[in-house]
Amino acid sequence: ETGVTQTPRHLVMGMTNKKSLKCEQHLGHNAMYWYKQSAKKPLELMFVYSLEERVENNSVPSRFSPECPNSSHLFLHLHTLQPEDSALYLCASSQEVGPNEKLFFGSGTQLSVL
Amino acid sequence: AQSVAQPEDQVNVAEGNPLTVKCTYSVSGNPYLFWYVQYPNRGLQFLLKYITGDNLVKGSYGFEAEFNKSQTSFHLKKPSALVSDSALYFCAVRANRDDKIIFGKGTRLHILP
């Protein structure tokens, strides 16, 4: 295991629902990330947190709302999603946000929006 | 703007044969280059990285990658493929501290028994 745990593993939601994805890292890292993985497309960086402060927000629609209450936990709150938001959402962590830092990924949450 | 390309959607190799998964990049300045692997129903796992120094980088599971500055390439290689190497492989690049890491779209590697 990589030390990064994501729950739930699978989520099906309607377009009017509100749900949250959870990520927890047990590595003592200071940086956490949300990525979106769609089939045959590059991984899309959504949000980056360093020491609980958001340092990057990649023009992500406001229906995605991140929260980082401490350096070990990261949430992605979802509301009024669209079917095109269906994808694998990956959480990752690294020791710090640096140019040569390697990322440790969770197994992801497979999201289906109906 | 920085970018990374993985020209092959899928690569098929017979078990025991050498394998190569291609990656080319475009950055201004010196690149930081990475390979990650994703097994079914799992997140990405770090394989290796190039920062500076020797152009041949060795990583996990017997993989290595060769940095070629003139061809702006960072191909992933292994001398003898195993069936268990079958997975999705991602190349990634970062130009400097202030740039975000950019991933390619991935190459699916099938090792045939």
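The values are calculated or read from the model by the stated rules, or taken from the named source; none is laboratory data. Here the structure is a predicted model, which is why all the values come from computation and not from measurement. Counting neighbours? That spans all protein chains shown, and the Cβs are built from the backbone with ideal geometry, glycine included.
Specify which of the listed residues (A:SER72, A:SER94) is more than 9 Å from every other protein chain (Cβ to nearest Cβ) and over 22 Å from B:PHE103 (Cα atoms).
A:SER72
Condition test on A:LEU76, is it over 29 Å from B:ASP9 (Cα atoms), of a type outside the set (Lys, Arg), part of a strand (DSSP E or B) and touching a Pro at 6+ places or on another chain (Cβ under 6 Å)?
yes
For segment B:83-113, name all the residues that are more than 10 Å from chain A (Cβ to nearest Cβ), within 23 Å of A:SER38 (Cα to Cα) and not hydrophobic (A, V, I, L, M, F, W, C).
Scanning segment B:83-113 gives B:ASP85, B:SER86, B:TYR89, B:THR107, B:HIS110.
Checking the structure you have, find out if any residue of segment A:56-63 is in contact with a helix residue (DSSP H, G or I) (Cβ under 8 Å, 6 or more places away or on another chain) and either without any contact (Cβ under 8 Å) to a residue 40 or more places away in the chain or β-branched (Val, Ile, Thr) (or both).
yes
If the Cβ limit is 7 Å and pairs must be 6+ apart or interchain, which residue in segment A:26-41 that is under 25 Å from B:ALA5 (Cα atoms) pairs with which residue that is surrounded by 14 or more Cβ atoms within 10 Å (Cβ to Cβ) and among the β-branched types (Val, Ile, Thr)?
A:TYR33/A:VAL48
Out of segment A:29-58, which residues are part of a loop (DSSP other than H, G, I, E, B), within 12 Å of chain B (Cβ to nearest Cβ) and either on the phi > 0 side of the Ramachandran plot or among the β-branched types (Val, Ile, Thr) (or both)?
As a first pass, look at segment A:29-58 and keep what is part of a loop (DSSP other than H, G, I, E, B): A:29-30, A:38-43, A:51-52, A:58.
Imposing the further condition that a residue be within 12 Å of chain B (Cβ to nearest Cβ) reduces the set to A:38-43, A:58.
The answer is A:LYS40, and nothing else.
Could you grab me the full set of residues in segment A:10-28 that are within 13 Å of chain B (Cβ to nearest Cβ), more than 13 Å from the chain's Cα centre (by Cα) and of a type outside the set (A, V, I, L, M)?
Selection gives A:HIS10 alone.
On the basis of being touching a strand residue (DSSP E or B) at 6+ places or on another chain (Cβ under 9 Å), within 14 Å of another protein chain (Cβ to nearest Cβ) and either in contact (Cβ under 8 Å) with a residue 12 or more places away in the chain or not β-branched (Val, Ile, Thr) (or both), does A:GLN110 make the cut?
In short, yes.
Report yes if some residue within segment A:44-51 is at pLDDT 95 or above, within 20 Å of A:SER94 (Cα to Cα) and either touching a helix residue (DSSP H, G or I) at 6+ places or on another chain (Cβ under 8 Å) or of a type outside the set (A, V, I, L, M, F, W, C) (or both); otherwise report no.
Within segment A:44-51 (the criterion being at pLDDT 95 or above, within 20 Å of A:SER94 (Cα to Cα) and either touching a helix residue (DSSP H, G or I) at 6+ places or on another chain (Cβ under 8 Å) or of a type outside the set (A, V, I, L, M, F, W, C) (or both)), the answer is no, since none of the residues qualifies.
Is it true that B:VAL37 is more than 10 Å from chain A (Cβ to nearest Cβ), more than 9 Å from the chain's Cα centre (by Cα) and assigned to a strand (DSSP E or B)?
When the stated conditions are applied, B:VAL37 does not pass them.
Restricting to segment A:55-69, name every residue that is of a type outside the set (Asp, Glu) and more than 20 Å from A:THR109 (Cβ to Cβ). Please lay out each step first, then the result.
Residues of segment A:55-69 of a type outside the set (Asp, Glu): A:55, A:57-66, A:68-69.
Of everything in segment A:55-69, those that are of a type outside the set (Asp, Glu) and more than 20 Å from A:THR109 (Cβ to Cβ) turn out to be A:VAL55, A:SER59.
Report, by residue number, each residue of segment B:43-64 that is out of contact with any Gly (no Cβ under 7 Å at 6 or more places or on another chain), crowded, with 17+ Cβ neighbours inside 10 Å and in contact (Cβ under 8 Å) with a residue 24 or more places away in the chain. Explain how you work it out, then say what you get.
Going through segment B:43-64, the residues out of contact with any Gly (no Cβ under 7 Å at 6 or more places or on another chain) turn out to be B:44-46, B:49-64.
Pick out the ones that are also crowded, with 17+ Cβ neighbours inside 10 Å and you get B:44-46, B:49-50, B:57, B:59, B:63.
Of everything in segment B:43-64, those that are out of contact with any Gly (no Cβ under 7 Å at 6 or more places or on another chain), crowded, with 17+ Cβ neighbours inside 10 Å and in contact (Cβ under 8 Å) with a residue 24 or more places away in the chain turn out to be B:LEU44, B:TYR50, B:GLY59, B:PHE63.
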